[in-house]
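Notes to accompany the following structure.
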Amino acid sequence: MTILEVLLLAVALSADAFSVGAVVGLKACAPRQRFRLSFHFGVFQTLMPILGALLGRWALSYVQSYDHWIACGLLCLVGGKMVFEGWREKEEREGVPDAECRPGDPTRGWSLVGLSLATSIDAFGAGLGMAMVMELGFLLISVVIIGLVCGSITYLGMRIGSIIQKIAGKKIEIFGGLVLIGLGIRMLWI
């Protein structure tokens, strides 16, 4: 693989992270939240290919049979929570400074871990393939590139989501939750 191919792989692996980042950006308003989600998505996207390369074919065949169900469940759970909170909270966000965050922060705790894992499962399989065609040194450089690209793309998605939320208002969070549920269901056909 060349560096260009690694960059293209990084962008492809980051597509779900961008989508989830945009949805989370509808709710997560503070720069600290954008950093936290982008950082964790990048770290998971870096570690999963390494894990895939280390565990090899055995783990891939074991996990591959149900990885889509895990990703679906995690995305549907977080999306459902966002829909519920969007219906429950009637007040508008107008006048709330960016530094303040609403309850139910998806960039903390188990939501953060679940989203990070759900968006990086495909990187596990990529790591297996990369280990077959790359030397160790280039593999390590490649996974760092993948993590940096994913973190950057997630941040961009969150900024876009934040802009959309400011324009469209709080009820866009319900739409965002439905998008996460849709992404989760789409995982079943990948």
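Step by step: first the residues of the stretch 15-40, then only those that are of a type in the set (Phe, Trp, Tyr) and closer than 10 Å to Met158 by Cβ, then the one that is surrounded by the fewest Cβ atoms within 10 Å (Cβ to Cβ). Which residue is that?
Within the stretch 15-40, the first condition is being of a type in the set (Phe, Trp, Tyr), and the residues that meet it are 18, 35, 39.
Still in the list and also closer than 10 Å to Met158 by Cβ: 18, 35.
Values: Phe18: 22, Phe35: 14.
If we take residues in the stretch 15-40 being of a type in the set (Phe, Trp, Tyr) and closer than 10 Å to Met158 by Cβ, then Phe35 is surrounded by the fewest Cβ atoms within 10 Å (Cβ to Cβ).
Kindly indicate which of Phe41, Phe84 is at pLDDT 85 or above and touching a helix residue (DSSP H, G or I) at 6+ places or on another chain (Cβ under 9 Å). Even if it seems obvious, please write down each step before you answer.
On the way: Phe84 fails: at pLDDT 85 or above.
Going through Phe41, Phe84 in turn, the sole match is Phe41.
Do we find that Ser19 is at pLDDT below 90, under 30 Å from Gly86 (Cβ atoms) and among the polar types (S, T, N, Q) in this structure?
On the way: at pLDDT below 90: yes; under 30 Å from Gly86 (Cβ atoms): yes; among the polar types (S, T, N, Q): yes.
Here the answer is yes, as Ser19 does meet what is asked.
For the stretch 115-126, what are the residues that are surrounded by fewer than 23 Cβ atoms within 10 Å (Cβ to Cβ) and modelled with pLDDT of 90 or more?
Answer for the stretch 115-126, where residues must be surrounded by fewer than 23 Cβ atoms within 10 Å (Cβ to Cβ) and modelled with pLDDT of 90 or more: just Leu117.
Do we have Val149 as loosely packed, with under 15 Cβ neighbours inside 10 Å, out of contact with any Asp or Glu (no Cβ under 6 Å at 6 or more places or on another chain) and not aromatic (Phe, Trp, Tyr) here?
Considered against the rule, which asks whether it is loosely packed, with under 15 Cβ neighbours inside 10 Å, out of contact with any Asp or Glu (no Cβ under 6 Å at 6 or more places or on another chain) and not aromatic (Phe, Trp, Tyr), Val149 comes out as no.
Can you pull out the residues in the stretch 135-190 that are touching a Cys at 6+ places or on another chain (Cβ under 8 Å) and modelled with pLDDT under 85?
Start the filter on the stretch 135-190 by keeping residues that are touching a Cys at 6+ places or on another chain (Cβ under 8 Å), which leaves 162, 165, 180-181, 184-185, 187-188.
Gln165, Leu180, Gly184, Met187, Leu188, listed by residue number.
Consider only pairs whose beta carbons are under 8 Å apart and that are at least six residues apart or on different chains; among these, list those whose first residue lies in the stretch 172-187 and is over 13 Å from Val24 (Cβ atoms) and whose second residue is surrounded by 16 or more Cβ atoms within 10 Å (Cβ to Cβ) and β-branched (Val, Ile, Thr).
From residues that are over 13 Å from Val24 (Cβ atoms), the pairs are Ile174/Val83; Leu178/Val83; Ile181/Val83.
Listed here are the residues, each with its yes/no results for (1) among the hydroxyl-bearing types (Ser, Thr, Tyr); (2) farther than 20 Å from Leu55 by Cβ.
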| position | (1), (2) |
| --- | --- |
| Thr119 | yes, no |
| Gly127 | no, no |
| Val133 | no, no |
| Ser142 | yes, no |
| Ile146 | no, no |
| Ile164 | no, yes |
| Gly169 | no, yes |
| Ile174 | no, yes |
| Ile185 | no, yes |
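On the given criteria, is Val6 part of a helix (DSSP H, G or I), of a type in the set (Val, Ile, Thr) and within 13 Å of the chain's Cα centre (by Cα)? Before you say what the answer is, go through the steps one by one.
On the way: part of a helix (DSSP H, G or I): yes; of a type in the set (Val, Ile, Thr): yes; within 13 Å of the chain's Cα centre (by Cα): no.
So Val6 does not fit the description; no.
Take the residues of the stretch 52-76 that are crowded, with 18+ Cβ neighbours inside 10 Å and modelled with pLDDT of 80 or more: which is farthest from Lys27 (Cα to Cα)?
Applying the filter and picking the extreme gives Ala53.
The values are calculated or read from the model by the stated rules, or taken from the named source; none is laboratory data. Note that the structure is a prediction, hence the values are computed from the model and not measured. Using ideal geometry, Cβ is built from the backbone for each residue, glycine included, and neighbour counts are taken over all protein chains shown.
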